[in-house]
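One structure is given below, encoded as structure tokens.
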Amino acid sequence: MSPRNSQPRLSAFTKTLFLSAFAILLSISFAGNKSLAQDDDEIVRVNSDLVVLNVTVVDAQGKFVSGLRAGDFKLFVDGREQPLSNFTTEETPYAAVMLLDTSGSMEQRMMLARSAAIRFLEHLREEDVAAVYRFDSEIDKVQDFSSSRDLADFAFSLKAKGMTALNDAILQAAVDLRQRTENRRAIVVISDGADTKSTASADKALETALASNATIYTVDMSSTVGATSRNMANAAVLRNFANKSGGRYVSSPGGQVMRDAFADIAEELSNQYTLSYSPPDSARDGRWHKLEVKLSRPELVVRTRKGYHAPKK
């Protein structure tokens, strides 16, 4: 069902999610007033006695590194090394939501934004799925999850209008990704980063994405015309979403840079390592726990989520 004319479903309800080889039955409760309960922030893996991290490893040239083994990874939780429960390098399918900003501030860049969406879909593998949403003052699902490499005809008639509900769009994408069975999940944002409409805060949108084990990739379509300070502030918002979720921020002037960026994002999603960790009962304290992954090869660069909120006993 399209999210148009409805707010993200954040009233009290319960959803279940079966997570491949890692997870067992999971219940997630939402608090009222269209915000997630604090205890629900980023606890998807802990509720199933497993914290899952999708990890990207690149070399100094930014090339993806394959062939690493479990012994090459060390996981630190709050600064203390913890044993890994599972490790896999399998090229498993991923589910992605592409968020296409169609607000009035994107009027001069709509054609470029549509081209970006097409570029991403072109790089889907047969087993991968993606959904496409547009967002301005409202959020609308342009096409549902599928392996189609074609952008729906409806997308070509979209006009830039209204305000920008960026945070609400990320939150909605995260809620919908929770229903997917793929272990690897991503939110790809094409926007100028200027939120002017959302009811949800940026922190709440980020926490919901982390709770859904979704990595956020942001492509900055900010205009080169206008106040530099405003563009810098918008870029900072997009960088924050990407950095804290373990994704990437791309500043795209279009052309070959944009084409390469979307090819890289799709390739990255296909070449991640998946680690998992089983927290002890004593870690069920309702607190934020910092996650850090280190490698036996210090010349390599690793990206993953920064932490998780544990549930209370």
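FYI, it's all coordinate maths here, none of it is from the lab. Only a predicted model underlies this, so the values are computations on that prediction, with no experimental measurement involved. Cβ placement follows ideal geometry from the backbone for every residue including glycine, while neighbour counts extend to all protein chains displayed.
Points worth noting:
- Residues in the stretch 85-103 that are among the polar types (S, T, N, Q) and within 24 Å of residue 71 (Cα to Cα): 85, 86, 88, 89, 92.
- Selection of the stretch 150-169 for residues being within 13 Å of residue 131 (Cα to Cα) and either free of Cβ contacts under 8 Å to residues at least 12 places away in the same chain or not small (Gly, Ala, Ser) (or both) yields 150, 151.
- As a summary of the residue check, residue 288 satisfies the conditions (1) within 16 Å of the chain's Cα centre (by Cα); (2) closer than 17 Å to residue 206 by Cα except for the one numbered (1).
- Within the stretch 260-313, strands (runs of 3 or more DSSP E) holding 2 or more residues that are more than 22 Å from residue 218 (Cβ to Cβ) and of a type outside the set (Ser, Thr, Tyr): 288-295
- Residue among 176, 101 that is more than 17 Å from residue 221 (Cβ to Cβ) and not basic (Lys, Arg): 176
- Those strands (runs of 3 or more DSSP E) of the stretch 77-164 in which at least 3 residues are surrounded by 14 or more Cβ atoms within 10 Å (Cβ to Cβ) and either of a type outside the set (S, T, N, Q) or under 20 Å from the mean Cα position of the chain (by Cα) (or both), considering only elements entirely within it, cover 94-101, 129-135, 139-146.
- One residue stands out among those in the stretch 249-259 that are touching a residue at least 40 places away in the same chain (Cβ under 8 Å) and assigned to a loop (DSSP other than H, G, I, E, B): the one that is surrounded by the fewest Cβ atoms within 10 Å (Cβ to Cβ), which is 254.
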